[in-house]
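Student: Sharing a structure below in structure tokens format, with a few things to ask.
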Amino acid sequence: MPQNVQAFIFDLDGVVVFTDKYHYLGWKKLADDQGWELDEYLGHQLRGVSRIPALEIILEHNGVELLEEEKHRLADIKNEYYRAFLQDISTNDLYPGAVELIKAVRERGVRTALASASKNAGTVLDALGLTLLFDAVVTGNDISRSKPDPEVFLISAERLGVSPERCLVFEDAYSGIEAAINAGMHAVGVGDRERLPNAPLCVTDYGELALDDLIARGTGTP
Ligand code: BG6
Ligand code: MG
């Protein structure tokens, strides 16, 4: 069978590990400290978005304007809250079937990359012993533009030595699916369809994926 997809690129938070929950709780704690409104609907819009741009979404929603220095101070506080949650992270936080999926595609000769906007991605991978599952790891420390900019995925493809149209991205964020499409890649949305109307294919259970078919055909024209 022809192998149209030569690399699978995985976002981390909300795709491999349920750390998306801890990012939300970190922002929620900061918002509560400051008396800002932040509900789960707004929380979904923060998925995939880099630290300062995510804070700016919350500020805009609340009609608050801050100096750059103050934004960085508050973003640092959220990061401390988030990292406190990471202290207790364990394999119970893994997205069911994610590790099995990554191993299964590697056995089929597909290259794998981790592409996360998070500067904490390395800490999470180390804590759970996941680093060796990936041929390339690209994190928030390697990029200067937040998703939906395709930068994180294009760097991943380059490091893997695979052209973008032969890459398939797994993403739980609307902005992440946009980034994958902007990169000219195949994309699978992870989560509820109503949250990811832009995803060519959507799953909540990795066991439902027809892997050989996905590798042969991708998710349509990238
Ligand atoms: C993404 C998360 O993976 O990383 C976002 O989905 C988060 O919620 C972003 O804001 C940046 O993370 P960090 O750890 O660098 O603040
Ligand atoms: Mg994510």
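Student: Whole number please: convex hull volume per residue, Cα atoms of segment 1-88, in Å³.
Tutor: Considering the Cα atoms of segment 1-88, their hull volume per residue is 130 Å³.
Student: Using Cα-Cα distances under 8 Å and only pairs 6 or more residues apart, what relative contact order does segment 71-218 have, in percent? Intermediate values should be presented prior to the final figure.
Tutor: On the way: 193 pairs, mean separation 24.5, N = 148.
17 percent.
Student: Amide H neighbours of residue 95 under 5 Å, counting only residues 5+ apart in sequence or on other chains, H built in-plane at 1.01 Å?
Tutor: 17, 18
Student: What relative contact order, as a whole-number percentage, does segment 1-130 give when Cα pairs under 8 Å and 6 or more residues apart are counted? It would help to have the intermediate numbers written out before the result.
Tutor: Details: 100 pairs, mean separation 60.9, N = 130.
Rounded, it is 47 percent for segment 1-130.
Student: So, one more: To the nearest 10 square angstrom, how much accessible area does residue 147 have with a 1.4 angstrom probe?
Tutor: So the heavy atoms of residue 147 present about 10 Å² to solvent.
Student: Dipole of segment 89-169, Cα-centred, from +1 at each Lys and Arg C-beta and -1 at each Asp and Glu C-beta, to the nearest 20 debye?
Tutor: On the way: 9 positive and 10 negative charges, 23 e Å.
Rounded to the nearest 20 debye, it is 120 debye.
Student: What does the charge dipole of segment 110-213 about its Cα centre add up to, to the nearest 20 debye, if the Cβ of each Lys and Arg holds +1 and the Cβ of each Asp and Glu holds -1?
Tutor: Details: 8 positive and 16 negative charges, 62 e Å.
In debye, rounded to 20, segment 110-213 gives about 300.
Student: On a straight-distance basis, which lysines could pair with residue 103 in a cross-link, Cα separation under 27 angstrom, same-chain partners fewer than 8 positions away excluded?
Tutor: Within the straight-line limit of under 27 Å, residue 103 reaches these lysines: 21, 119, 147.
Student: Also, quick follow-up: Starting from the coordinates of the alpha-carbon atoms of segment 123-222, obtain the Kirkwood hydrodynamic radius over all distinct pairs and give the value in Å to one decimal. Kindly include the intermediate steps, with their values, before the conclusion.
Tutor: On the way: mean 1/r = 0.0706 Å⁻¹.
Evaluated on segment 123-222, it is 14.2 Å.
Student: If you don't mind, there's one more thing I want to ask. Set Lys and Arg Cβ to +1 and Asp and Glu Cβ to -1, take the dipole of the chain about its Cα centre, and tell me which of 30, 140, 42 lies farthest positive.
Tutor: 140
Student: Here is a further query. Taking only protein heavy atoms into account and a 1.4 Å probe, give the accessible area per residue of the chain in Å². Intermediate results must be reported in sequence, preceding the final value.
Tutor: Values: 10380 Å² over 222 residues.
That works out to 47 Å² per residue.
Student: Take each of the peptides 4-14, 49-59, 192-202, average the number of other beta-carbon atoms within 10 Å over its residues, and list them starting from the highest. Please list the in-between numbers first.
Tutor: On the way: 4-14: 24.2, 49-59: 19.4, 192-202: 16.0.
Result, highest mean first: 4-14, 49-59, 192-202.
Student: Please list, or write none, the aspartates and glutamates whose alpha carbon is within less than 18 Å of the alpha carbon of residue 29, excluding same-chain residues fewer than 8 places away.
Tutor: Reachable aspartates and glutamates: 20, 37, 39, 40, 56, 60, 70, 76, 80, 88.
Student: Rounded to a whole number, what % of the accessible area of segment 1-90 do carbon and sulfur atoms account for, probe 1.4 Å? Write out the running numbers ahead of the final one.
Tutor: Values: 2260 of 4720 Å².
Answer for segment 1-90 is 48 percent, counting heavy atoms of protein chains only.
Student: Give me, ordered by chain and number, the residues 5 or more places off residue 147 or on other chains with an amide H under 5 Å from its own placed amide H.
Tutor: 50
Student: Roughly to the nearest percent, how much of the accessible area of segment 99-222 is carbon and sulfur, given a 1.4 Å probe?
Tutor: Working: 2430 of 5220 Å².
Here carbon and sulfur together make up 46 percent of the probe-accessible area.
Student: May I ask what percent, to the nearest 5, of DSSP beta bridges between residues of the chain are antiparallel?
Tutor: Details: 1 of 20 bridges.
The answer is about 5 percent antiparallel.
Student: Convert each backbone phi in segment 65-72 into a coupling constant with the Karplus relation 6.51 cos²θ - 1.76 cosθ + 1.60 (shift: θ = phi - 60°), then list the ³J(HN,Hα) values in order as whole Hz, x for Gly and Pro.
Tutor: Values, residue by residue: 10, 10, 6, 3, 4, 5, 4, 5 Hz.
Student: Something else now. Where the Cα atoms of the chain are projected onto their three principal axes, how long is each span, largest first, in whole Å?
Tutor: Extents along the principal axes, in whole Å: 57, 33, 30.
Student: Given the C-alpha centroids of segment 79-116 and segment 39-60, what is the distance between them in whole angstrom?
Tutor: So the two Cα centres are separated by 22 Å.
Student: Okay, moving on. Once the Cα atoms of helix 20-34 and of the chain are each reduced to a long axis, what angle between those two axes, in degrees from 0 to 90 to the nearest 10, is obtained?
Tutor: Long axis of 20-34 versus the principal axis of the chain: about 10 degrees.
The values are calculated or read from the model by the stated rules, or taken from the named source; none is laboratory data. Remember, predicted model here, so these are calculated numbers, not experimental data. Note that we place each Cβ from the backbone using ideal geometry, even for glycine, and neighbour counts take in every protein chain shown. These area figures cover heavy atoms from the full protein model, side chains too; ligands, DNA and RNA do not enter into them. Shrake-Rupley method; radii C 1.70, N 1.55, O 1.52, S 1.80 Å.
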